[in-house]
1. Taking the Cβ of Gly276 as the centre, find all other residues whose Cβ is under 10 Å away and add up their charges (Lys, Arg: +1; Asp, Glu: -1).
2. Given Cβ point charges of +1 (Lys, Arg) and -1 (Asp, Glu) and nothing else, what value in debye, to the nearest 20, does the dipole of the chain about its Cα centre take?
3. Straight-line reach from Lys232: which lysines fall under 17 Å, measuring Cα to Cα and dropping same-chain residues less than 8 apart?
4. Can you work out the Karplus-derived ³J(HN,Hα) for every residue in the range 71-81? Use 6.51 cos²θ - 1.76 cosθ + 1.60 with θ = phi - 60°, whole Hz, and x for glycine or proline.
5. Could you please state, rounded to a whole Å, how far the C-alpha centre of the range 107-162 is from the C-alpha centre of the range 166-192?
6. Tell me, what HN-Hα J-couplings in whole Hz come from the Karplus equation 6.51 cos²θ - 1.76 cosθ + 1.60 at θ = phi - 60° for each residue of the range 174-189, using x for Gly and Pro?
7. Pairs of Cα atoms under 8 Å, at least six residues apart: use those to get the relative contact order of the chain, whole percent.
8. What are the ³J(HN,Hα) couplings of the range 120-137, residue after residue, when phi is run through the Karplus curve with 6.51, -1.76, 1.60 and θ = phi - 60°? Round to Hz, x for glycine and proline.
Amino acid sequence: MSMFRFSVGPWNVHSGADAFGPEVRSEIPFADKVKRFKEIGFDAVQFHDDDAVPDMNDLSDAQIRAKAKATRKILEDNGLVAEFVAPRLWMDRRTIDGGYTSNSAKEREFADWRSLRSIDIANELGCDKIVLWLAREGTLCYESKDAITSVRRILDAINKMLEYDKKIKVLIETKPNEPVDISFCPTMGHALALSAASVDPNRVGGLLESAHAMLAGLDPANEIAFALTFGKLWGVHLNDQNGLKFDQDKAFGVQNLRTAFNQVKVLVENNYGSKGEYVGLDVKAMRTQPQENSYRHLENSLKIAKMLEEKAKKFDYAFQKKCVETRDYEALEMYVLELLMKG
Ligand code: 3MF
Ligand code: MG
């Protein structure tokens with residue numbers, strides 16, 4: 001029996017379109033995805049604002065709330081809850097050069113509007129977490145934005161959210177690049193510095209995605225541990241990544257099994273989830289996969305996470321202690337590899 005509750009986003013089941021080619025699988029309606037998520041064993045759904053309220057730019061604030069309420073009904077009918085809402089600030093023509101850090105005041109205003117509406121949507125869905133993946137808050141041309149002004153603008157935007165709703169929590173999902181060349185908030189350390197500088201540090205934390213840490217050349221287990229140290233790990237996006245290339249969102253553990261094990265191990269050791277946090281996945285099916293494999297990567301990731309949880313619970317701390325005392329790291333490393341490879 002897993003100690004964790006798991007979450008997934010509707011974008012994790014997708015048609016396979018990428019920057020170089022069109023979709024290869026047909027779009028699955030939201031309600032069908034939700035039904036299947038429950039069957040697979042998920043407990044909660046992650047949302048972008050417009051996953052919950054499609055075409056929200058054309059709706060009034062009241063209409064947005066009403067639509068969010070209808071989405072909540074779909075969740076409830078399937079025995080699921082919402083984990084978070086993330087303003088999707090990277091799709092709109094008005095935010096091609098960033099939302100909060102755009103050089104245009106009008107565009108920054110639009111980004112703030114979407115952020116506050118995301119809070120309204122979260123309230124209607126019954127969740128208190130806003131995730132900020134700061135997709136375009138960075139530069140393609142370094143000299144096009146002032147870095148200090150930009151960091152201050154991100155902080156201003158977060159403060160506006162904290163002031164708009166005194167219960168809402170903001171989780172920064174860090175990523176060093178893609179779609180920007182250089183991000184203003186690439187790592188968990190950056191996220192926690194923003195948290196400390198905000199008007200309410202107790203309500204700003206982090207969401208760590210494994211692949212994003214790897215793209216920053218960092219170890220995801222240690223990024224997780226860093227946030228846990230300060231009680232700031234409020235979300236994770238477990239997935240995998242094969243080296244420094246485009247963000248692959250591979251199924252969890254398929255590429256870097258030992259690293260995946262250490263992510264789960266640090267979550268288990270620190271009783272992650274005991275304050276209602278979810279173990280979220282952010283994985284994509286390979287583009288080559290046929291329609292019938294639309295959910296296989298989710299099933300596999302969940303299975304791998306649970307298998308690694310069992311391994312973590314079997315970890316022999318007495319043996320580890322002995323190895324550390326004698327500094328026999330070769331023996332410790334071999335033990336870990338055997339633990340992972342033996343049935
Ligand atoms: C991009 C991501 C995003 C975020 C999502 C929710 C589309 O690399 O990881 O997925 O996770 O927007 O914050
Ligand atoms: Mg993610």
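The values are calculated or read from the model by the stated rules, or taken from the named source; none is laboratory data. No experiment lies behind these values; they were computed from the predicted model shown. Ideal geometry is used to build each Cβ from the backbone, glycine not excepted, and the neighbour counts take in all protein chains shown. These accessible areas exclude ligands, DNA and RNA; they are computed on the full protein's heavy atoms, side chains included. Shrake-Rupley method; radii C 1.70, N 1.55, O 1.52, S 1.80 Å.
1. Numbers: positive: Arg5, Lys129, Lys275; negative: Glu83, Asp128, Glu277.
Combined, the nearby Lys, Arg, Asp and Glu give 0.
2. Working: 47 positive and 52 negative charges, 122 e Å.
Here the chain has a charge dipole of around 580 debye.
3. Lys129, Lys167, Lys169, Lys175, Lys275
4. These are the phi-based 3J(HN,Hα) values: 5, 4, 4, 4, 4, 4, 4, 9, x, 10, 10 Hz.
5. Each part reduced to its Cα centre gives a spacing of 10 Å.
6. After applying 6.51 cos²θ - 1.76 cosθ + 1.60, I find 7, 7, x, 6, 6, x, 7, 7, 10, 8, 7, 9, x, 9, 4, x Hz.
7. Details: 612 pairs, mean separation 51.3, N = 343.
Relative CO of the chain lands at 15 percent.
8. 4, 5, 4, 4, 5, 7, x, 10, 10, 10, 10, 9, 10, 8, 8, 3, 10, 8
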